[in-house]
């Protein structure tokens with residue numbers, strides 16, 4: 001019974017226009033990074049970082065993960081950490 005009451009509680013509606021604005025700004029920054037006179041590795045790292053931030057914004061607000069329990073966060077974060085770890089472990093093989 002308490003579970004049903006907690007489930008029916010309304011949460012604040014996210015400001016979708018503000019999220020859209022941030023996604024637009026991050027996209028403009030991504031396009032701008034391409035034209036900077038920096039090494040390609042730095043460009044790639046910057047683009048991956050910005051894409052990760054944009055993916056997090058979409059997941060948090062448009063997929064409503066902001067209102068989920070902590071377990072959902074762990075389910076999303078652990079594979080991401082493992083992915084980064086495996087990529088870093090494979091870098092010496094490329095050299």
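Can you name the residue in region 11-39 that is more than 22 Å from residue 61 (Cβ to Cβ) and assigned to a loop (DSSP other than H, G, I, E, B) and is also farthest from the chain's Cα centre (by Cα) among such residues? Checked region 11-39; the qualifying residue farthest from the chain's Cα centre (by Cα) is 37. As for region 67-77, it holds no residue that is out of contact with any helix residue (DSSP H, G or I) (no Cβ under 7 Å at 6 or more places or on another chain) and either modelled with pLDDT of 90 or more or at positive phi (or both).
Would it be correct to say that residue 91 is surrounded by 10 or more Cβ atoms within 10 Å (Cβ to Cβ), part of a helix (DSSP H, G or I) and without any contact (Cβ under 8 Å) to a residue 12 or more places away in the chain?
Details: surrounded by 10 or more Cβ atoms within 10 Å (Cβ to Cβ): no; part of a helix (DSSP H, G or I): yes; without any contact (Cβ under 8 Å) to a residue 12 or more places away in the chain: yes.
Answer is no for this residue.
The values are calculated or read from the model by the stated rules, or taken from the named source; none is laboratory data. The shown structure was predicted, so the numbers you read here are calculated from the model rather than taken from an experiment. A quick note on method: Cβ atoms are made from the backbone with ideal geometry, for glycine too, and the neighbour counts reach across all protein chains shown.
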